[in-house]
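See structure below.
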Amino acid sequence: MYICKFIDDAQALLVLNLEINTCSLFQRKGKGISLIQGEFVNNGEFLFLPETCIQLDEFCAENFGRFILVGGDYEQMEDIVSAEEKGFLDLFYGRYFSARLAYCAEKGYLDIYCVDSGYSYTIYYRNKTILDQGIIDDPNILITEAAEKLASKYFKGQRYYEIDPEDL
């Protein structure tokens with residue numbers, strides 16, 4: 001059984017295989033990807049991910065497991081990872097490199113996706129006519145941060161939630 005968790009502030013995806021106590025941590029490093037793989041320790045109270053500084057419940061510097069660190073771009077990673085891990089690599093890559101998100105608010109929609117220089121966005125009224133569109137020229141922030149900035153500007157005081165971009 002696998003458990004996946006996006007760690008947006010680290011631009012990472014943590015994948016735990018609970019049956020054999022192994023984990024894979026995909027993390028964005030500039031335009032590349034690092035992958036840390038190894039065993040984790042589950043002592044009933046905490047999950048320890050040694051050498052990663054990633055905390056699940058609490059991090060403990062003791063109980064180190066054996067970890068492998070590799071790096072490269074998407075194509076290089078495809079050659080390294082197993083078939084199961086490739087699905088997780090695609091999930092990670094989709095979120096942090098070629099991501100597209102959409103949100104629905106009381107008075108409209110937000111559609112945002114990655115481009116070379118940052119993020120392209122379109123704001124729609126509820127009837128799906130365009131209110132505004134443009135580019136956020138900052139590839140160093142997360143797409144979720146860019147979306148949050150736009151939502152706070154265009155949907156101020158409104159509740160909004162993520163939707164499937166294909167629904168726009």
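The values are calculated or read from the model by the stated rules, or taken from the named source; none is laboratory data. These numbers were taken from a predicted model, which means no experiment stands behind them. Methodologically, a virtual Cβ is constructed for each residue, glycine included, from the backbone with ideal geometry; neighbour enumeration extends over all protein chains shown. All accessible areas refer to the heavy atoms of the entire protein, side chains included, with ligands and DNA or RNA removed. Shrake-Rupley method; radii C 1.70, N 1.55, O 1.52, S 1.80 Å.
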query: If we count every other residue with Cβ under 13 angstrom of GLU162's Cβ, Lys/Arg +1 and Asp/Glu -1, where does the sum land?
result: -3
query: Where does the charge balance sit around GLY118 when Lys and Arg score +1, Asp and Glu -1, over other residues with C-beta under 12 Å from its C-beta?
result: -3
field: Which of MET1, MET77 is most accessible, then next, and so on - probe 1.4 Å
entry: MET1, MET77
- request: Within the range 88-149, list the GluC sites (Glu not before Pro) lying in a DSSP loop whose Cβ has at most 13 other Cβ atoms in a 10 Å radius.
  value: GLU106
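List the chymotrypsin sites (Phe, Trp or Tyr not before Pro) within the range 108-154 that fall in a DSSP loop (any state other than H, G, I, E or B) and whose Cβ has at most 15 other Cβ atoms within 10 Å. Please report the intermediate quantities before stating the final value.
Working: sites: TYR109, TYR113, TYR119, TYR121, TYR124, TYR125, TYR154; in loops: none.
When the chymotrypsin sites (Phe, Trp or Tyr not before Pro) of the range 108-154 are filtered for loop state and at most 15 Cβ neighbours within 10 Å, nothing remains.
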- prompt: Going from most exposed to least, what order do VAL115, VAL81 have by accessible area with a 1.4 Å probe?
  reply: VAL115, VAL81
- prompt: About the Cα centre of the range 91-168, what is the dipole size in debye to 20, counting +1 per Lys and Arg Cβ and -1 per Asp and Glu Cβ, all else neutral?
  reply: 300 debye
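So how do PHE97, PHE6 rank on accessible area, 1.4 Å probe, biggest first, that is with the largest at the start?
In descending accessible area the options line up as PHE6, PHE97.
What part of the accessible area of the range 71-137, given as a whole %, is carbon or sulfur when the probe is 1.4 angstrom?
On the way: 1690 of 3620 Å².
On the range 71-137, the fraction of accessible area on carbon and sulfur atoms equals 47 percent.
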